[in-house]
1. Taking Arg195 as the residue in question, decide whether it is over 21 Å from Thr40 (Cβ atoms), of a type in the set (D, E, K, R) and touching a residue at least 24 places away in the same chain (Cβ under 8 Å).
2. Do the conditions hold for Phe104, that is, is it among the hydrophobic types (A, V, I, L, M, F, W, C), surrounded by 20 or more Cβ atoms within 10 Å (Cβ to Cβ) and more than 25 Å from Gly194 (Cβ to Cβ)?
3. How about segment 26-35: which of its residues are over 13 Å from the mean Cα position of the chain (by Cα) and either without any contact (Cβ under 8 Å) to a residue 12 or more places away in the chain or open to solvent by less than 30 Å² (accessible area, probe 1.4 Å) (or both)?
4. Determine if segment 9-29 includes at least one residue that is closer than 17 Å to Ser239 by Cβ and of a type outside the set (Ser, Thr, Tyr).
5. Out of Leu233, Leu174, which single residue is among the aliphatic types (A, V, I, L, M), open to solvent by 90 Å² or more (accessible area, probe 1.4 Å) and closer than 22 Å to Val77 by Cα?
6. Answer yes or no as to whether Ser207 is within 29 Å of Lys81 (Cβ to Cβ), surrounded by 11 or more Cβ atoms within 10 Å (Cβ to Cβ) and touching a Leu at 6+ places or on another chain (Cβ under 6 Å).
7. What pairs come up if the first residue lies in segment 106-134 and is at positive phi and among the charged types (D, E, K, R), the second is modelled with pLDDT under 95 and open to solvent by 30 Å² or more (accessible area, probe 1.4 Å), and their beta carbons are under 7 Å apart, counting only those six or more places apart or on different chains?
8. Can Arg112 be described as open to solvent by less than 20 Å² (accessible area, probe 1.4 Å), touching a Phe, Trp or Tyr at 6+ places or on another chain (Cβ under 8 Å) and at pLDDT 85 or above?
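The values are calculated or read from the model by the stated rules, or taken from the named source; none is laboratory data. These numbers come from a predicted model, not from an experiment. In this analysis, Cβ positions are derived from the backbone assuming ideal geometry, glycine residues included, and neighbour counts consider all displayed protein chains. Only protein heavy atoms, including side chains, enter the accessible area calculation; ligands, DNA and RNA are left aside. Shrake-Rupley method; radii C 1.70, N 1.55, O 1.52, S 1.80 Å.
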Amino acid sequence: RRLVAMCVARSACGFVGIAMLNVAFMLMNFADAFALSLGTLCLSTIFFARVCLGRAERLSWRAAIGVVLALIGIVFVAQPKALFDGVPPSAMGTLLGIVSGTLFGTFGIFSRVLGRAGAASPPMLVSYYMVVIEVGTAGLALLALALGPETAPPWAIPAWPTHDGRAAVEAAALVALYCLTILSGQLLLAFGYGRLQAGRAAVLALSELGFAWLCGVVVLREATNALACVGTLAIFVGSALAATAAA
């Protein structure tokens, strides 16, 4: 029962965290919300690991430097308007971003505890996560239908895709690709948290933003600037320091 409760609690933290982050995207600049959530994720994971899991989770100075570099890199890549343009972010969006990152940090701590003890395998953790996401999403959809389109927020109202022909096939292929990559990512994340200190695993997970930047520039030909290039380098150097630092 304790194992099931921990798996469900972990999954609920992940579901509520991603839901809050998506709502934050609607209330504030995408870069502001993303940088805020990722930064809070990293710091909260390190703090919770040190407080809850004991001295074994204490990071070395080399890993700590990696954390600082990765966080600076996030700011440089995301370039939040609140810092670079002086545009004040939404107070509610800021709160949701911070809470989202804290929940993601708690999600990582649960992953570390369950993986380190060998109590739950990565497929088991992902299975619980998928079930909680399905139940939570269905609950939101039913609530939106009960409230009606005049009261419910637009993002909670179920809607069928409207693509036809080739566009429908391309959309379905992209959704399938997304499902395959996110499933692989969740399995690898659970596997990694079971074998690394939670703080180091969290820093390595920040490389997501660096890889997203690389894909955007190389594959999608998106515009970039020198500051984002420096930030990406800082993320990867920080991740390397955290990965190779002695515990």
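1. So Arg195 fits the description; yes.
2. Criteria not met by Phe104.
3. Met28, Phe30, Ala31, Asp32 - these are the residues of segment 26-35 that are over 13 Å from the mean Cα position of the chain (by Cα) and either without any contact (Cβ under 8 Å) to a residue 12 or more places away in the chain or open to solvent by less than 30 Å² (accessible area, probe 1.4 Å) (or both).
4. no
5. Leu233
6. no
7. none
8. no
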